[in-house]
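These notes are about the structure you will find just below.
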Amino acid sequence: MLGSYGRHGTDAYDLVERLPRGPARAAAWNAYVCQTYADKLALRCTHAPHESAPFARALYDLAIEWLRRANDDSLRGPVDLELPRWGSLVRSSEQLVAMRETLESLRTYIAYDTGEDDGRLTEIDQRLATASALWDPRPTPDLRTAIGDALVRGIRAAAELGASCALG
């Protein structure tokens, strides 16, 4: 879908591991979230790439910006990630799969970092459970909207929790 566009942010995958806890690691986490989300979309959304490409590009651009911030030795201030918004509420089945895989990946990373028994994972687990309960091989537009909403909320919760953990 996006060819080499997303390759510029792949440092996000290991930078978050190399940095000590603090603002730079939180910025690297944000880059990791954006890169992961965009890569999952690029991998899964092959039938109608024009629907997902602008969103994935925005995520790739954010990943690069957060990598720049993570490498800024004078980084101070907020590290709140504002994810782009989809143009419509209804997600395609491919987009939903990519979003679910993104949330599962983020949850796995956080659980590895904090421990599987960390109670802060509850909100993420609830969002995944909601999406799973609604999942249908041929969802209606209303169902795709509800699943997408649960996944978006879960991704936001995972991004916030991961940044909090990265700060220390």
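The values are calculated or read from the model by the stated rules, or taken from the named source; none is laboratory data. Here the structure is a predicted model, which is why all the values come from computation and not from measurement. A quick note on method: Cβ atoms are made from the backbone with ideal geometry, for glycine too, and the neighbour counts reach across all protein chains shown.
The conditions are (1) closer than 18 Å to Ser52 by Cβ; (2) crowded, with 18+ Cβ neighbours inside 10 Å; (3) at pLDDT below 95, and Leu103 fails exactly one of them. Which is it?
Evaluating Leu103 over (1) closer than 18 Å to Ser52 by Cβ; (2) crowded, with 18+ Cβ neighbours inside 10 Å; (3) at pLDDT below 95 leaves (3) as the failure.
May I ask you to list the residues in the range 144-161 that are farther than 22 Å from Trp29 by Cβ, surrounded by fewer than 21 Cβ atoms within 10 Å (Cβ to Cβ) and touching a helix residue (DSSP H, G or I) at 6+ places or on another chain (Cβ under 6 Å)?
Passing the criteria: only Ala146.
Among the residues of the range 129-137, are any at pLDDT below 95, more than 22 Å from Ala53 (Cβ to Cβ) and of a type in the set (Val, Ile, Thr)?
no
Could you count how many residues in the range 50-101 are touching an Asp or Glu at 6+ places or on another chain (Cβ under 8 Å), of a type in the set (Ser, Thr, Tyr) and in a helix (DSSP H, G or I)?
Counting residues in the range 50-101 that are touching an Asp or Glu at 6+ places or on another chain (Cβ under 8 Å), of a type in the set (Ser, Thr, Tyr) and in a helix (DSSP H, G or I) gives 1.
Name the single residue that is surrounded by the most Cβ atoms within 10 Å (Cβ to Cβ) among those in the range 56-67 being farther than 20 Å from Glu101 by Cβ and of a type in the set (A, V, I, L, M). Even if it seems obvious, please write down each step before you answer.
At the first step, the residues of the range 56-67 found to be farther than 20 Å from Glu101 by Cβ are 61, 64-67.
Narrowing the set further to residues that are of a type in the set (A, V, I, L, M) leaves 64, 67.
Details: Ile64: 18, Leu67: 23.
In this case the residue turns out to be Leu67.
Yes/no per residue for (1) over 20 Å from Tyr13 (Cβ atoms); (2) surrounded by fewer than 21 Cβ atoms within 10 Å (Cβ to Cβ); (3) at pLDDT below 95:
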residue	(1), (2), (3)
Ala31	no, no, no
Cys34	no, no, no
Ala42	no, no, yes
His47	yes, yes, yes
Glu51	yes, yes, yes
Pro54	yes, yes, yes
Arg69	no, yes, yes
Asp72	no, yes, yes
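Please verify whether the range 123-136 includes one or more residues that are over 19 Å from Ala26 (Cβ atoms), part of a loop (DSSP other than H, G, I, E, B) and of a type in the set (Lys, Arg).
If we filter the range 123-136 for residues that are over 19 Å from Ala26 (Cβ atoms), which is where we start, we get 125-136.
Restricting the remaining residues to those that are part of a loop (DSSP other than H, G, I, E, B) gives 135-136.
Pick out the ones that are also of a type in the set (Lys, Arg) and you get none.
Among the residues of the range 123-136, not one is over 19 Å from Ala26 (Cβ atoms), part of a loop (DSSP other than H, G, I, E, B) and of a type in the set (Lys, Arg), which makes the answer no.
Could you please find all residues in the range 103-119 being under 21 Å from Tyr37 (Cα atoms) and not polar (S, T, N, Q)?
Across the range 103-119, the qualifying residues are Leu103, Glu104, Leu106, Arg107, Tyr109, Ile110, Ala111, Tyr112, Asp113.
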